[in-house]
Every structure is written in structure tokens, then in C-alpha cells.
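K.L.:
Attaching a single structure in C-alpha cells format; questions to follow.
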Amino acid sequence: MSQNVLEVEGLNLAYKTVRGDLLAVKDVSFSLKPGESLGIVGESGCGKSSTAYALMKMLPPNTSMFTGKIMIDGENIMDLDESELRRRIRWKKIAMVFQGAMNSLNPVIKVGFQVAEPLIVHENVPKNEALEKAKELFKLVGLPQDFINRYPHELSGGMKQRVVIAMSLVLNPKILILDEPTSALDVMIQAQIMNMLKDLRKTLNISIIFITHDIALASDLCDKIAVMYGGQIMELGSSEQVLLDPKHPYSAKLIGSIPTLRSDKKLEFIPGAPPDLVNPPPGCRFNPRCPHRFDPCDKEEPPLYILDGGRQVKCFLYKMKGLGE
Amino acid sequence: MEDNVILRLEDVRTYFFLPKGLFKTIVVKAVDGVSLDMKRGESLAIVGESGSGKTTLGRTAIRLIEPTGGRIIFDGKDITHLKDENEMKMFRRNAQIIFQDPFMSLNPYMTIREILEEPLIIHGYKDAEERKEIIEKSLIDVKLQPPEEFLLKYPHMLSGGQRQRVGIARAMVLNPKFIVADEPVSMIDASSRAEILYLFKSLQEKYNLTFMYITHDIATAKYFSDNLAVMYLGKVVEYGPSREVILNPKHPYTSALITAVPDPDPKNRFIYRKVISGEIPSAVNPPPGCRFHTRCPYKFDPCDKSEPTLIQVNPNHKVACHLYNKK
């Protein structure tokens, strides 16, 4: 078995709000092998983007708690200070494409230079060489190489998205986090970008964390899927396990609510609203909406049970069947 | 006109004229010659990418925008250039819209009661008791129960799904015959989307409503619409019963659109989607001939010269593509 490139253990993240502390990420653990891709799927407010920002250690000023272990290449980055992180880790080992980043390109600078800039400024690479690297990256993300001389307004949405993906790759990271990279794009462009990401995985053998609200889209890229709800991972397993045989009532209902084009089913939905993370419901955070709720659910929080095939499910239904925590 | 047709669009064109410099004008042909019939109680999905003109078509159909050309006949009456205030009011009562964004489309300073009461006041319901009754009934209709619990709340106190229900209730208070729903669920979480769409279905059956469902999501159209029209650059390129169009698409653009949408299937990651390249061209200078020919994998001789018209391929299934002209 190959060494994990990323191991996250017991990650907690809370924000200070006027109503009290909001526990956005609670006890999140997962690992990632080289070349592997993990989809973090969940609805708005489930903590998927917060998890991503935590991995980059780019947290807003109102962060009130941030604990756990983030091991990148065997090194716990929680112990590193900001300058060390900048010098060795961020963008070099782990990079991120932010949601809506394509709208944040500088409108008065040619996109090729924007991609090459970190090399010129931080790595003292001569400008020509850096632009060559930008050309290479453009090829990788499926853009014509002469586009390095274009300005953002000369590019369409899909092209700009390719530019920001190229940008994130400029320092050869081992892990790439993509936060809703296609949510602002039309389905046709989305499919083009997804094909490109599949190529990217093959050529670079890069590990990907793909954050999306669209579980069908996650299935287009990811080997493993983590389903988040209320700041916690409710289920984690291979794409086959989670999509074909979801064990957690939330993941089952979520998948049941996705309309499919190629097969027929009765669409389901989950009544109620997501939990308030300042005052989460006691016990399992999904229990007020859960169709299988029983005795312990509103009293204590279920642990992550490990089932056959290494999949993890945070639900008391599996207390008997599972191997325990 | 047959009695059961509630809305007929005849060659409707909606152009936007944008000034360029001092003397020039750019013409954006957002909707460029759309003809459609909608029967009473029917739901029709208008599917297309951004820039296809689907929203403009919906807004034109209820005269939020006055069309540049063509005719709109609603309930047997030509409303294309209706000016008379009273007649317009009557039309507005019967044709309503639900907007995409449940956060932006509700006034944050008004309570739910005020939001729902406003249309009633405008339309001359003088009796406050009667207004309250109608408001409560419409809240029950959209399953915001019990109504008293919501009447005095402000929009920010509700979840996204609840807010969108208020938007639906607001469209329903005047007891309309026809509703345009413009991407009503695209901002709502996946797990609640079907709930709202089921609600539409039940309201439609209960009140024999006619729905124009504007969406970019062809998969929801399959589940919730009787018929489906696919738009590309201001034109309808394919029209037919939703399931038939999705299971047996005729237009190359429709096929491409369907191929691009993944179902949740772990096998997806091992395949590449056969997508067409490029993006939707600008509606300022649409390509000559068939507007899709610049991206079409089946392009042949006539495509860049003559514009295909909608022709019948199956009962009720029409397509605008030269591939079907000979057959």
C-alpha cells in the first residue's frame, strides 16, 4: 500500500458568530493516496468548503477553534507557522481552486502572466521561462498556448475556469482542492472541464479533493466519496459503495433525490431543513429529519462504524453490524 | 383557436437594443421566432443553457417584456401589445411568475403577510378579513403550516425552501391560470428540490394550472413536465413529450445536452463524456443558417446556408434540423 499523501484526523473548526460559536467542521477524518480523488459532497452549509479552507490553513479572522491533525507527506502542518507554511506547503504541496475564482482574475493583466507570476515573484524564475511554464500548463488544461497573451475579458467562462486551474498547478502541488469548480458553468462546459480534469489526473497523478453539492458530478471524477451533513462526515467509502449501496439514511435519501436521465425511479426528498450549527440538535445531527430514527439517536452522537470493505458510516443502525469505532 | 389552448405564441421575437457609441445600436436577438401552444393544465419545460433566451421567452410570455414581433394570445385574447390598464390588470391576475432567487425576490422589510397581501390590495380586495382568508389558504396550499406561524415572520427567518414557498404562494394568491416558474429550484438544496417540484405538481392538478417551467436542468424536466422545448440561441430546436425527447432525442444539440449531464454512477469516472466543443455563440451575431452548425458534429451542406424549420418527426415531436428534412 502506498503512503498516504494526506491524512486528516479529528479536524474541528468553529467560527465566532453573534449567536455563539458555530461548529462548522466537527471531527472530520480522512486520508488520500497519491493519484486518488475524494469527493466531498453535501448541501449548502454542511461544512465542505470550511473543510477545504482548513486544509489550506486559510481561515477567516472569526475562527474561534481550529484543532486536529493535518498530515501532508507525513508532516503535521498544524504545527507550522504561517511563514513556514507559505515557504514549503501552501501551493507547493497543496493547492486550491476557489469557488468563483474565475471571476477574480485581474482584468488588466494578461492571463499568462497571472499564471506565471508566482514563479517570477517567489521562485526567481526568469520571466521567459515562467511564461514557458504557463504555456505548458495551458496545454495541460486544454487552452491554446497563444492564449497566454489574452486578457480575462477575451475569454469565456469555461476558459477562465481553465486558467485558474492552470494557476493552481504552477508550483506542482501533489494535492489539488477544487471547490465547486463548475457550479457557475453550463452543463456542456461542465462536461468539457470534467473531461479535462480526468486527463489531468492521468498525466500528473495528482490527488484531488473535489468539493461539490452535486453527487452525480462527484461520480464523474472521484474514487472515494465523503458525504457531509451538519459539519460531519456521515458516510465515507468508495464511489461504488456510497452511490450504489448507501448505508447512511442521509446519503441514501440524498441520492434518492437526484433526478436521473437514464433510469427511472420515484424521486425522494428530505423534509425539514439542515441543522443550525450554533445550536445543533442533540445526538445525531440528522436525527430530526431521519426516517429511521430510533431510541439512541436524539440522545447520543453515533460514532463512525467501520463496515465491510472499510467503509465508514456514522449511524446507530450499524451498531450491531459494524466493528465498532 | 381551440378552447383548451391557454397560451399561443406565434413567431414571437424579443430583441434588445443596446446603444453602442453615439449613433450605433447593437441588436441582441434574445428570442427570435418562437411559436408554441400550451394547453390548459399542461406543464411545459423550456430547457436551455445560459444565453439561450429561455428566461426572456418566459418573461415575454407574461408580458413583463413587450415583444418586438409576433403575437401572444392568452386565453383567446391577443395581449401582444395590450396597453389598457384594466385589461392589463386582468391579464396580470391570470398570469404570474415565480422567480429564481428566493432571497432576492422577497422584500426583506415586509412580513410574509404583507408580501402576500400586496397583490390582493393592488387587485382591489377591499375586505381585510377576506384577504386574510385567502393568504392563509395559500400558505396552507404551499404547506407552510400552520399559517399563523409564518404570517408575521420576515423572509430572513425562513429557510431557502420556505422562502421559495412564499414566492409560490405570492404567485398563487390571485388564483391565476398560468404560471411561469423561472428556475424555481436551482438555488434550493438537492434534497429539498423534489419536494418543491412535487408541490408544483399537486397545485397544478388541484387548480388545473398551466406551468411554464424554465430550467437549465433537463433531468428535473423529465420528472415534472409533460412537454419539453429545447432552446438554443433564441430558437426552439426541439419540442415534444418530455420523456420521449429525453429518451429519444432527435436534435444533435439535445443529444449533446443530455450526454453532458451525469447520473450518479461510479462507472462515470472511467469514461469521457462525448461533448461538443465550444460555447454558445453570441446572440448579437448568431451564425447564419442553423444556429447550431458551428458546433454540430453532423453538419453538412445546407446547414450554414438555410435555417431549418420545426418539422414533425413523431406525433407531437418536432425538431428543427436539416438531418430530418428528407425523411
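K.L.:
Give the residues of segment A:218-233 that are within 7 Å of chain B (Cβ to nearest Cβ) and polar (S, T, N, Q), sorted by residue number.
P.N.:
Selection gives A:219 alone.
K.L.:
Can you find a residue that is in a strand (DSSP E or B) and of a type outside the set (Asp, Glu) anywhere in segment A:180-187?
P.N.:
Residues of segment A:180-187 that are in a strand (DSSP E or B), as a first pass: none.
For segment A:180-187, residues in a strand (DSSP E or B) and of a type outside the set (Asp, Glu): absent.
K.L.:
Can I ask one more? Checking the condition part of a loop (DSSP other than H, G, I, E, B) and small (Gly, Ala, Ser), which residue from A:252, A:273 passes?
P.N.:
On the way: A:252 fails: part of a loop (DSSP other than H, G, I, E, B).
Exactly one residue qualifies, and that residue is A:273.
K.L.:
Would you check which residues across segment A:197-217 are over 21 Å from residue A:242 (Cβ atoms) and either open to solvent by less than 10 Å² (accessible area, probe 1.4 Å) or more than 13 Å from every other protein chain (Cβ to nearest Cβ) (or both) and list them? Spell out the reasoning first.
P.N.:
The initial filter retains those residues of segment A:197-217 that are over 21 Å from residue A:242 (Cβ atoms), namely A:199-200, A:202-206.
Within segment A:197-217, A:200, A:203, A:204, A:205, A:206 meet the criteria.
K.L.:
As an exercise: evaluate residue A:226 against (1) out of contact with any Cys (no Cβ under 8 Å at 6 or more places or on another chain); (2) free of Cβ contacts under 8 Å to residues at least 60 places away in the same chain; (3) open to solvent by less than 20 Å² (accessible area, probe 1.4 Å) and give the number of the one condition it does not meet.
P.N.:
The one condition residue A:226 does not meet is (2).
K.L.:
With respect to the numbered conditions (1) charged (D, E, K, R); (2) within 15 Å of the chain's Cα centre (by Cα); (3) at pLDDT 95 or above, which one is the sole condition not fulfilled by residue B:13?
P.N.:
Single failed check for residue B:13: (2).
K.L.:
Right, something else. Which pairs do you get when a residue that is away from chain A (no Cβ under 12 Å), found in segment B:153-169, comes within reach of a residue that is of a type in the set (Phe, Trp, Tyr), reach meaning Cβ atoms under 8 angstrom, with the pair 6+ apart or on two chains?
P.N.:
B:154/B:109; B:155/B:103; B:166/B:150; B:167/B:99; B:168/B:200
K.L.:
May I pose another question? For the structure I just gave you, tell me whether residue B:146 is over 19 Å from residue B:109 (Cα atoms) and more than 22 Å from the chain's Cα centre (by Cα). Give the derivation first.
P.N.:
Values: over 19 Å from residue B:109 (Cα atoms): yes; more than 22 Å from the chain's Cα centre (by Cα): yes.
Against the criterion (over 19 Å from residue B:109 (Cα atoms) and more than 22 Å from the chain's Cα centre (by Cα)), residue B:146 qualifies.
K.L.:
A further question on this structure: Please specify each residue of segment A:285-321 satisfying the condition of being closer than 23 Å to residue A:269 by Cβ, assigned to a loop (DSSP other than H, G, I, E, B) and under 23 Å from the mean Cα position of the chain (by Cα).
P.N.:
A:285, A:286, A:314, A:315 - these are the residues of segment A:285-321 that are closer than 23 Å to residue A:269 by Cβ, assigned to a loop (DSSP other than H, G, I, E, B) and under 23 Å from the mean Cα position of the chain (by Cα).
K.L.:
Only one residue in A:40, A:120, A:109, A:70 is touching a helix residue (DSSP H, G or I) at 6+ places or on another chain (Cβ under 6 Å) and outside any strand (DSSP E or B), so which one is that?
P.N.:
Details: A:40 fails: outside any strand (DSSP E or B); A:109 fails: touching a helix residue (DSSP H, G or I) at 6+ places or on another chain (Cβ under 6 Å); A:70 fails: outside any strand (DSSP E or B).
The conditions single out A:120.
K.L.:
A follow-up question, please. Would you mind stating whether residue A:147 is without any contact (Cβ under 8 Å) to a residue 60 or more places away in the chain, open to solvent by 10 Å² or more (accessible area, probe 1.4 Å), within 23 Å of residue A:116 (Cβ to Cβ) and not assigned by TED's automatic domain parsing to the domain that holds residue A:45? Outline the logic, then answer.
P.N.:
On the way: without any contact (Cβ under 8 Å) to a residue 60 or more places away in the chain: yes; open to solvent by 10 Å² or more (accessible area, probe 1.4 Å): yes; within 23 Å of residue A:116 (Cβ to Cβ): yes; not assigned by TED's automatic domain parsing to the domain that holds residue A:45: yes.
So residue A:147 passes the test.
K.L.:
How many of the residues in segment A:234-260 are more than 10 Å from chain B (Cβ to nearest Cβ), open to solvent by less than 10 Å² (accessible area, probe 1.4 Å) and among the aliphatic types (A, V, I, L, M)?
P.N.:
1
The values are calculated or read from the model by the stated rules, or taken from the named source; none is laboratory data. Nothing here was measured: the structure is a model prediction, and the numbers come from that model. Every residue, glycine as well, gets a Cβ built from its backbone with ideal geometry; the counts of neighbours run over all protein chains shown. Note: areas computed on protein heavy atoms with side chains; ligands, DNA, RNA excluded. Shrake-Rupley method; radii C 1.70, N 1.55, O 1.52, S 1.80 Å.
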